[in-house]
Amino acid sequence: MFPVFDDSDMKIVGEKSHIYEENSDFQRYLDESSKQHFNGNASKAKAIGSNIVSSFSYRAAPAELVQFVIEQGVKPTDSIMLQVRFLSVFSAEYCLGVFLPSPFLSDIAKSAMYDVLMEYSPDFYDLLARSGAFSFYYLALRDSENIGRAVGKQFAVLCGEKNNEKYASLGEKLHELSVSVYKKAINGFAFV
């Protein structure tokens, strides 16, 4: 028979440090929140997120965008232009995540972007939410050093043209153009 030990006074290793880490994370979040609100960055992030929606909230694609698609050798069908819009939103989210000075500000900007999109284009927002396109784009980015190329290839897949270089090239060019425009807009807000 084994001896019975009273272990009621034993502590679980790591229990206290886990609670300490949660409190520490929460305190860092509060500190970051206060800092970004008081220096004006939070309101700038919200503004950029709200304003960026104008680049993909259109009901009908701008003529110059349709022309750009045609010039790349792709027929601008409704389904292709929907993928173009999805890619524009992805590129915006990507830029808000990469070019804003902190994850906290990125979250504010993305939230504002989706709130405005949901308010002004609820049908498009619903299509975007159900599409799963972003999952494919983010997965493609994980394994690639050339982000534009990876996005372009995934765009071709989402258009149903997996091995079609015209579609991959179009997606790559659209993403790179969007990144250039969005980065310039973000930099124009002069975050502290």
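The values are calculated or read from the model by the stated rules, or taken from the named source; none is laboratory data. Quick caveat, the model's predicted, so the values are computed rather than measured. Neighbour counts run over all protein chains shown; Cβ positions are idealised from the backbone, glycine included. Remember, those area values only see protein heavy atoms, side chains included, never the ligands or the DNA or RNA. Shrake-Rupley method; radii C 1.70, N 1.55, O 1.52, S 1.80 Å.
One table, with the values for the structure above:
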read-out: Only Lys, Arg (+1) and Asp, Glu (-1) charged, at Cβ; the range 78-172 dipole about Cα centre in debye; value: 260 debye
read-out: Exposure of Asp25 as accessible area (Å², to 10), given a probe of 1.4 Å and all protein chains; value: 80 Å²
read-out: Candidate residues Cys95, Cys159: accessible-area rank, largest first, probe 1.4 Å; value: Cys159, Cys95
read-out: Restraint check, Lys75/Lys173; Lys46/Lys173; Lys75/Lys184; Lys75/Lys166; Lys153/Lys173, Cα-Cα greater than 19 Å; value: Lys46/Lys173; Lys75/Lys184
read-out: Cleavage-rule hits, trypsin sites (Lys or Arg not before Pro), the range 85-192, DSSP coil, Cβ neighbours within 10 Å at most 11; value: none
read-out: Base-10 log of normalised Debye intensity for the range 43-140 (one unit scatterer per alpha-carbon) at q = 0.21 Å⁻¹; value: -1.11
read-out: Protein accessible area in the range 54-147, 1.4 Å probe - carbon and sulfur %; value: 54 percent
read-out: All-pairs alpha carbon distance profile, the range 145-192, 10 Å steps from 0, percent; value: 30, 38, 21, 9, 1
read-out: Cα coordinate range in the range 78-192, projected on the principal axes (Å, largest first); value: 44, 33, 21
